[in-house]
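Written out below as structure tokens is the structure these notes cover.
The values are calculated or read from the model by the stated rules, or taken from the named source; none is laboratory data. Values in this document were obtained by computation on a predicted structure and should not be read as measured data. Note: ideal-geometry Cβ built from the backbone for every residue, glycine included; neighbour counts use all protein chains shown. Surface areas here come from the heavy atoms of the whole protein model, side chains and all, with no ligands, DNA or RNA. Shrake-Rupley method; radii C 1.70, N 1.55, O 1.52, S 1.80 Å.
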Amino acid sequence: MRGFGMLKINSTGWIEAERPAIGPFDALLEPLALAPCTSDIHTVYEGAIGERHNLILGHEAVGRVVEVGREVRDFKPGDRVIVPAITPEWRAVRIQGCGVPACHSEGALSGWKFSNTKHGSFAEFFHVNDADMNLALLPEGMTLEQAVMLPDMVTTGIHGAELADISVGATVAVIGIGPVGLMAVVGAVLRGAARILAVGSRKKCADLAIRYGASEIINYKNGDIVDQVLEATNGIGVDNVIVAGGPPEVLAQAVNMVKAGGTIGNINYFGEGDTLPIPRTGWAYGMAHKSIHGGLTPGGRERMERMAALVMNRRFDPGLLVSHVFRGIDKISEALEMMHHKSEEVIKPVVIV
Ligand code: NAD
Ligand code: ZN
């Protein structure tokens, strides 16, 4: 089979690979809709997960089941399914002692398999482990564009709001409003935030942030965002911060803008440096009761079903994130390049296969 991937760091191309074999609990899928991710860019162009040779990329997919293993009960060939980016091994022994089994059942980040430890979904066929536990049926009436935002963008952004532990009536800052940050705005709304300060610079993203429920925009190109947030909150700061973009210094800014006792939820990938900055005085010398929770998005079937339920009950429309639609799997290279050299107009490209 043919797939599009990473030949080595800094180089992409089409790859010939064996059609994946499936075990008794697994499924073989063909893609219906695919989306490239900022993480694919980190993988190829920043060597985020180390050197990989001829690895097919892609972890955001809606697919059709082609074949299932003999122990798979709930899915059959022909079913249209949402495939989470994170597909834990739910039968792994270590899941029993794992605090966050939907991410780390076999060790840190082990639930992230596609385009990391096995070929991803930018291919004619792809393999899904533990199909009954990881796939979710595509609901009748949901568009492919909406559905392909669920495996990563929607669940990750909403997880930012969960990690930040937002309570009803809170004032929240969301740093970074690319697609993940925009879904973090949605997460903050769903958790009952009263006021949401969205930190971003691009007009298209800022407009969409307001549409999704942000109260105001803070432009990080107009000066220090801590000063701007403190000014907007009468010097008090915010109850919670979601970090969804930017270099390591944004973590220090988050600590400085959150109130004592507040919580920061980080879903951002930090690609530079050996350590991350926590400002000593901003953290009140270690005594501010400011918590930092950082997490990979949870995967698995129930998580996808819950994200789908939000959309089907019209809590928000993730289809608004889709700024560009390509047709045919050959276009995946173009869509990935679009993520690589993100122009003002790009939020999220999608390929309808
Ligand atoms: P993106 O690049 O589209 O969005 C990030 C945004 O942050 C951009 O719009 C950028 O302009 C903005 N930004 C840059 N510097 C900033 C600053 N100093 N202050 C405020 N904003 C700044 O990326 P995305 O697709 O929205 O993903 C966001 C991050 O989430 C990426 O690092 C990605 O790798 C990561 N991610 C994490 C998970 C997870 O499971 N935790 C899943 C998917 C993606
Ligand atoms: Zn992704």
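Points to keep in mind about this one:
- Computed [θ] at 222 nm, helices only, for the chain once each DSSP H run of length n ≥ 4 contributes -39500 (n - 2.57): -7000 deg cm²/dmol
- The range 281-290 - phi-based ³J(HN,Hα) in whole Hz, Karplus 6.51/-1.76/1.60, Gly and Pro as x: 6, x, 9, 6, 6, x, 10, 8, 6, 9
- Gained length - residue 14 relative to residue 165, 0.36 nm times residue gap less alpha-carbon distance: 50.1 nm
- Mean separation of Cα pairs under 8 Å and 6 or more residues apart, divided by the residue count, gives the chain a relative contact order of 19 percent.
- For the range 73-229, size of Cβ-based charge dipole, Lys and Arg +1, Asp and Glu -1, in debye: 180
- Between residue 136 and 82, the built amide H atoms are under 5 Å apart, and every one of these is 5 or more places off in sequence or on another chain.
- Amide H to amide H, with H built 1.01 Å from N, residue 353 comes under 5 Å of 33, 34, 328, counting only residues 5 or more places away or on other chains.
- For the chain, with +1 on Lys and Arg beta carbons and -1 on Asp and Glu, the positive-most of 55, 254, 309 along the dipole: 309
- Computed over the range 66-119: relative contact order in percent, which uses C-alpha pairs under 8 Å that are six or more apart: 27
- Lysine pair number, Cα distance threshold 24 Å (strictly under), the range 158-294, separation 8 or more or different chains: 4
- Between residue 207 and residue 249, the simple spin-label model (points 7 angstrom out along Cα→Cβ) gives 3.0 nm.
- Using the average count of surrounding beta-carbon atoms within 10 Å as a protection proxy, the listed peptides 125-137, 217-229, 11-23 rank, highest first, as 125-137, 217-229, 11-23.
- Set of lysines near residue 8 by C-alpha distance (under 26 Å), chain-local residues within fewer than 8 positions excluded: 113, 118, 331, 342, 348
- Simple point charges give the picture: +1 on the Cβ of Lys and Arg, -1 on the Cβ of Asp and Glu, and for the range 196-353 a dipole about the Cα centre of about 480 debye.
- Take the chain with all the other protein chains still there, run a 1.4 Å probe, and you get 42 Å² of accessible area per residue.
- Portion, in percent, of the accessible area of the chain that falls on carbon or sulfur, probe 1.4 Å: 49
- Put a plus charge on the Cβ of each Lys and Arg, a minus charge on the Cβ of each Asp and Glu, and nothing anywhere else: the dipole of the chain about its Cα centre is then about 440 debye.
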